[in-house]
Every structure is written in C-alpha cells, then in structure tokens.
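Structure first, then comments.
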Amino acid sequence: MANVDKVVDQLNFLIKASENYTRNGTRHLLEDGEDAVVLSNRLEAAIERASRPNSAYMKQLDAARRKTQPYRLREVRVVAIGLRDDLVSGWVESVVELVHADTYRDYLEMAEQLLAKGYKDPAAVITGTSLEVHVRALCVKNGVATQVAGRPKKADTMNADLKKANVYDGLQQKEVTAWMDLRNKAAHGDYGTYDRDQVRRLIDGVEAFMRKYPA
C-alpha cells in the first residue's frame, strides 16, 4: 500500500497548506489570491493523479473548477478531503485502482507468484482487490452508480447492480459473490476456511471474468 500512503501524504500536505486560506474567510483569500491559485492548482493535480478519469472525484473537481477564485480553492479542498478520507478508509482506491486497467494482469501475475511460493493468503487478497476494482470499473463503463448518498457502494451491492443492469447474468453474479467472500475471509484473517486450490481457482476465475467483461 506504499503508493496509497504516498498519495495520502501528498493530499494531507496540500490540505494542511490550504487550511489558512479556507478557515480565515474570504477576505484573507482575496488578500492572498496568488497563493490561493497556486494551492488550488496543486490540489487539483493531486486529485487527478489519484483518481480515475470517470470517477466521482473527477466529476466533483470539474464542478469546483467552474468557480472563480478564491471560492474555487475551497471547493477543490473539499474534494481533496473526501478523496483522502476514502483512501485512508480503503473504500475506493487501492494500489490497483491507482494504476491503469491494463496492469490488472500484473497484479494477477503477482498473486500467482505468491501462491507458487506458498503465500495463499496475500494472493487471495490481491486477486480479490483486483476483482473489486474491476467491478467498480464495470459500473462506470455501464452507467451504474458507484455511490449512494454520497458514499461509495460496497462491492456486493455493485455486483448485484451489474446483474440488474444485465451486464451479466445471475450465475455470474453468484460466482463473483463467492470470489468476494473468499477475499473477505483472507482480508479478515480467516485463513483456515479456504485452501490453496480454492485460491488457484479464484485467480483463474477472476482472470477469465476480466477477459469476458472488459472495463
């Protein structure tokens, strides 16, 4: 999770740096307009680096950019705080989500290497995380909402929504549910509830799923 930690550190630094310009009121912002512009630009660039092109964060950022300074900085800072908090909570982006979709194969290869060395548990977590990110990307691709009441949807909810949208059928939904359940067991330390062969089938199944339903 080093990449996520680095992005969070950058956002924290810029959010903190912009604090004085947002808590002291519009008058202070107007007096230091040039600094506000610089901070706003840096925050916007950080959000872009940490978000997918069609993510909710980019949509919020686009709306914030329609504001004039100094109000633009305030709105951008709100977006940055939301993104930072979601990253810390692990609700949205993982290491996998911070890179392009064409690197999914790299993570599945990493999972395969870990499994070959006897590390079934991290292999299951990496594969399951890749699956969850792919399901979210499928939602974006197919116009299925990834948030409810301003919060990211859970993976199983998005899985059900994809079935309702006829992106795939009920049998595929059940299979994805089973994969997510295995991933959750690995992530919560229930290592004795599954074995190496199940992780092997998980990796193979997720890879085939991604090929069949590209995002």
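For first residues located in region 153-175 and within 19 Å of MET210 (Cβ to Cβ), partners that are surrounded by fewer than 16 Cβ atoms within 10 Å (Cβ to Cβ) and of a type in the set (Ser, Thr, Tyr) and lie 6+ apart or on another chain with Cβ distances below 8 Å form the pairs ASP156/THR177; ASN159/THR177. Inspection of region 187-204 finds a residue satisfying the criterion of being open to solvent by 20 Å² or more (accessible area, probe 1.4 Å), modelled with pLDDT of 95 or more and in contact with a Gly (Cβ under 9 Å, 6 or more places away or on another chain).
Residues that are farther than 29 Å from GLY82 by Cα and touching a residue at least 12 places away in the same chain (Cβ under 8 Å): does region 135-148 have at least one?
The answer is no, given that none of the residues of region 135-148 is farther than 29 Å from GLY82 by Cα and touching a residue at least 12 places away in the same chain (Cβ under 8 Å).
Looking only at residues in region 50-63 that are modelled with pLDDT of 80 or more and open to solvent by 60 Å² or more (accessible area, probe 1.4 Å), the one that is farthest from CYS139 (Cα to Cα) is ASP62.
Picking from residues in region 138-176 that are under 18 Å from the mean Cα position of the chain (by Cα) and of a type in the set (Lys, Arg), the one that is modelled with the lowest pLDDT is LYS141.
Looking at region 149-167, can you tell me whether even one residue there is among the acidic types (Asp, Glu) and under 15 Å from LYS120 (Cβ atoms)? Checking region 149-167: not a single residue is among the acidic types (Asp, Glu) and under 15 Å from LYS120 (Cβ atoms). Considered as a group, the residues in region 133-167 that are more than 16 Å from MET180 (Cβ to Cβ) and among the basic types (Lys, Arg) include one that is surrounded by the most Cβ atoms within 10 Å (Cβ to Cβ), and that residue is LYS141.
The values are calculated or read from the model by the stated rules, or taken from the named source; none is laboratory data. The shown structure was predicted, so the numbers you read here are calculated from the model rather than taken from an experiment. Here the Cβ is made from the backbone with ideal geometry for all residues, glycine too, and neighbour counts use every protein chain on show. Ligands, DNA and RNA are stripped out before the accessible areas are found, and what is left, the full protein with its side chains, is counted by its heavy atoms. Shrake-Rupley method; radii C 1.70, N 1.55, O 1.52, S 1.80 Å.
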